[in-house]
Amino acid sequence: MTVYFIGAGPGAADLITVRGARTLARCAVCLYAGSLVPRELLAECPPDARLVDTARLDLDEITAEFVRAHEAGHDVARLHSGDPALFSAVAEQMRRLDALGIPYEIVPGVPAFAAAAAALGRELTVPTVGQTVILTRVAQRATPMPAGEDLATLGRSGALMVLHLAARHADRVVAELLPHYGADCPAAVVAMASRPDEIVLRGTLADIADQVKAAGVVRTAVIVVGRTLAAEQFPDSFLYSTTRDRDSCGRTVLEP
């Protein structure tokens with residue numbers, strides 16, 4: 001028996017990985033967050049699978065479901081939106097499983113920031129403009145941020161920033177980033193990325209908060225701030241440069 005933490009992707013049912021779908025199809029138990037995971041994915045479960053919506057369950061209740069499945073010898077598909085590596089609260093679940101001696105594996109998924117970049121039609125890392133992406137959130141009615149990870153500190157880098165769980169606090173985000181990025185810095189908000197009701201807002205730090213309010217976006221969204229969002233004048237990547245050394249087969253030779 002194994003618990004599989006599966007990244008369900010950003011929203012569209014067909015953005016789950018092949019491995020994720022195949023794992024889901026053979027698990028006798030599926031625990032999913034009903035408010036975030038698309039219901040269409042549940043059709044991939046075996047017809048007689050036990051389906052448990054965890055939206056209203058606490059950690060103890062979720063752990064009890066793992067134990068129940070373990071005792072019955074049933075594999076569990078634990079569906080999390082996006083990718084389990086980011087803001088998924090799997091760490092405390094795995095800690096519980098470690099203590100209980102219950103095996104588990106992680107199946108990666110498509111993260112929300114990747115779906116947002118696709119919706120915007122942008123590469124987040126552009127030569128000479130920006131090569132760093134900061135993934136973070138704000139602490140408001142949530143677990144406090146560690147020391148040194150506040151927006152004012154992170155914003156000093158000027159790197160492209162992707163904020164999860166922050167749409168309700170767009171005014172605060174703008175106020176804290178303005179001193180470092182400037183009012184003319186490109187900004188965007190993507191809500192319900194990859195879903196039929198996807199919302200894409202584009203602007204700058206000067207107007208993005210007002211757009212968020214006007215659109216009524218409060219959840220399931222990411223805020224993206226940085227110069228690469230509007231970069232146009234930049235050199236081609238060295239990856240495809242004709243000056244790079246190539247072997248007899250035309251393959252690029254990477255320096256050690």
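Values computed for the structure shown
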{"item": "Subset of the stretch 1-44 (residues that are under 20 Å from the mean Cα position of the chain (by Cα), over 22 Å from Leu59 (Cα atoms) and of a type in the set (A, V, I, L, M, F, W, C))", "result": "Ala12, Ala13, Leu15, Ile16, Val18, Ala21, Leu41"}
{"item": "Scan of the stretch 4-42 for residues that are closer than 16 Å to Val110 by Cα, in a helix (DSSP H, G or I) and free of Cβ contacts under 8 Å to residues at least 60 places away in the same chain, ordered by number", "result": "Ala13, Asp14, Val18, Ala21, Arg22, Leu24, Leu41"}
{"item": "Qualifying residue in the stretch 74-87 (condition: farther than 10 Å from Val3 by Cβ and either outside the structural domain of Gly34 (by TED's automatic domain parsing) or out of contact with any strand residue (DSSP E or B) (no Cβ under 9 Å at 6 or more places or on another chain) (or both))", "result": "no"}
{"item": "Selected residue (only one of Gly182, Gly226, Gly203, Gly216 is in contact with a Cys (Cβ under 9 Å, 6 or more places away or on another chain) and assigned by TED's automatic domain parsing to the domain that holds Val129)", "result": "Gly226"}
{"item": "Subset of the stretch 43-67 that is in contact (Cβ under 8 Å) with a residue 12 or more places away in the chain and surrounded by fewer than 16 Cβ atoms within 10 Å (Cβ to Cβ) - its residue that is farthest from Cys30 (Cα to Cα)", "result": "Leu59"}
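The values are calculated or read from the model by the stated rules, or taken from the named source; none is laboratory data. Note that the coordinates shown come from a computational prediction; the quantities given were computed from them, not determined experimentally. Every residue, glycine among them, receives a Cβ derived from its backbone with ideal geometry; neighbour counts consider all protein chains shown.
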